[in-house]
Every structure is written in C-alpha cells, then in structure tokens.
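The values are calculated or read from the model by the stated rules, or taken from the named source; none is laboratory data. Note that the coordinates shown come from a computational prediction; the quantities given were computed from them, not determined experimentally. We place every Cβ from the backbone using ideal geometry, glycine too, and count neighbours over all the protein chains shown. Heavy atoms of the whole protein, side chains included, go into the accessibility calculation; ligands, DNA and RNA do not. Shrake-Rupley method; radii C 1.70, N 1.55, O 1.52, S 1.80 Å.
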Amino acid sequence: MLKNKDMQERKCFSPRPRKKVLVSNDFREILVAQETSIIEQRVLSIILSCIKEEQSLFISVKSPLNKNGPIQRSFDEYFAAWSNQGTVDFEIPFKVLNPKSRMKNATIKTSVMNMTDSNWLQLKDDSMNNYKAAPFILKPQWNRGNLYFKMDKTVLKRLLNMSHYFPLKKDLAYQVSSSNTLRFLMWILKFKKFGGLSMEYSQILKQFSIPKDKYEGRSRFERDFLQNIKADLDSFNDLSFNYAYFEGKYTFSIYYTSKSTGKNEKFLSLNDLQVDRSIKYLKRKRTLNDFNVRTLQKLFEIRGYKELSIRLKNKIDPNLIGDHYIKAVFNLLEKQS
C-alpha cells in the first residue's frame, strides 16, 4: 500500500500466486456474450488473482456459527477508502502474462488496447435503469518488464459482486488452445446443478453471439467449436462435458475428469440426462401418472434413449394420454419388432 503526502491510501494491485480465482456471476455473463482473446482472458485471470482478498469480503458465510460475526460491508462503505480517486492501479510483470515468451509483444499490446475500447463491456446504471458502454481497463503503459494500467472503480465493482460466483483454475487461460474454452465453461457451469441441459442449435449460437452463417452447418460447428473445447477441458480442467444432437437440439451432460480430486458429486450420464428430459416432457404432455412414468423409465432403460426416441417420434396419436398412451407405445413397439 502506498501513501501520498496527504496520507490518503492509494491502492495498487499486482498478481498473486493462486491455484483458483473467483468469477462473479454478473461478470461471467459479460464474458460469455462476447469474444475475448486468450491474452485478454489471461489479463482477467491475473486481475482476479490480485483482488481475491477484496472479493472474499463480499462472500457471506452461510453458517449459524457466524451470526455474531462482522457485518458484510456495502460497496459504498468499502470504496469510501478510495474516495480520493476514481480508479485503481494494476502492475503486471510480462513474465507472468507471457511465460516463456511464447506470444509476440505486438499480439499482447493489441489485446491490451482492445480492452481499452469503450464498447468492451456494458454497465447498468440502476438509478436510471439504462446501460453505458465502458472500457475494461484504462491508460495502459508498459516498459521492458511490466504492464501498467488503471481500472475504474465502477468496473471493479463487477468483479467484487460475489453474491453468486464460481471458482476457475487460474492457469486454464495459459493451457487452452481456443479462446472459446473459458467462455463455454463459464456458460455450461450455470447448468451444473442440473447435470447439463438441452438446447436448440440456433439458441446455442445466440448464447455466444455467434453469427448463424459462421459455421457451414452443424458438423463444422462441432469440429471447430465443441470438439476443441471438450479436448481442452478433458485435458486441463476438473469438469468437462459430453454432447449429443437429436431432433434439432443438443444435449450436454457434465462430468468430472481425471484431473478432479476428492469429488463425491455424481452427474447423470448423457443417456440418463436425455431420458430424464424426455420423461419430464412426456409426463406433462401425456398426463402420465407415477406408474406410467416407471413403465416408460423401464422401456428407456432396456432400449436406450436414442433407439426408443426414434421409434416413438411422431408415431403416436397426439391426443392419447395416460394409460392409453402407454398402451399405444407397447402396440407400436410390438409391430416394429
């Protein structure tokens, strides 16, 4: 901490050795919706390593033993200590940002300058209920050894809003082969508590602001987007995913990789996830009772999701419900066998 002549504190952040950093939920949404380079993602990871202690002040401990503990400070109270300035300073050694000098200095400078663009992110003004475009960092400077820049306190608040957050491996941005990997991971982790999700192909493109004509068909999307991301996460992360395409939708299931340790949580397999989604849909659409549901579950268990879905697709009267629907399923399978 540095002090000026008026004894006012001036905050200067620098990288810290971390295994993981914390990404706030609202900032995650910003990153998922826009393209960022690997260097930009590294800069973000380093910034998060710098401010981890500050972030922890905004993480409420949900424990009855902590009822009499210190009250969590508000943003206004916390930032009052920096009332003498509208920005905070960061200092990042190039050896941290670019270990082994694998990236050209020109590439690094281009990415850093991109982050100063006034359209890099959008900030919501709650008092006026509108949005304002803002740069992520300000006034970058560098010498042979270090990168220096400033960050507006309003932007920093997005990184300190820890009402919802998730941990991210700090070195992941140094290992991945695609800048899409971290974006996809941040997105799919929103569905971790469900074990995965199903979504139409067009909606997935929309989630990542990908133009409809960027990939020449779905197979190119899988080859150039999904497969590279999956390979990265399988190799370097503790969570990865499987996927399948059927009837216009992708189904994603999440699983722990060989990199994870001490994880007791179990996720549904891709087949189980697809079966679970289908049964919930049919239960609602066909007004199935518990016995009907157990019967369908047994059929899916025997036949598998893909085979049974293909056999039943658009082949049963849409007006049949309950026991009549189940009877029609058995009659159809008997005729097809």
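Some observations on this one:
- Contact map, the stretch 100-119: first residue within 12 Å of K139 (Cα to Cα), second residue open to solvent by 70 Å² or more (accessible area, probe 1.4 Å), Cβ cut-off under 9 Å, separation 6 or more or different chains; pairs are V112/W142; T116/K139.
- Filtered residue count, the stretch 269-285, keeping only those that are among the hydroxyl-bearing types (S, T, Y) and touching a helix residue (DSSP H, G or I) at 6+ places or on another chain (Cβ under 8 Å): 1
- Inclusion of N66 among residues that are at pLDDT below 55 and either surrounded by 10 or more Cβ atoms within 10 Å (Cβ to Cβ) or on the phi > 0 side of the Ramachandran plot (or both) is warranted.
- Only residues that are open to solvent by 80 Å² or more (accessible area, probe 1.4 Å) and not in a loop (DSSP other than H, G, I, E, B) were counted in the stretch 246-281, giving 3.
- Tally, over the stretch 119-141, of residues that are modelled with pLDDT under 90 and under 22 Å from R42 (Cβ atoms): 4
- Y78, sole failed condition from (1) at pLDDT below 85; (2) in a loop (DSSP other than H, G, I, E, B); (3) open to solvent by less than 40 Å² (accessible area, probe 1.4 Å): (2)
- Only residues that are on the phi > 0 side of the Ramachandran plot and of a type in the set (V, I, T) were counted across the stretch 282-332, and they come to 1.
- Flag for K335 being open to solvent by 30 Å² or more (accessible area, probe 1.4 Å), closer than 29 Å to K230 by Cβ and either outside any helix (DSSP H, G or I) or free of Cβ contacts under 8 Å to residues at least 60 places away in the same chain (or both): no
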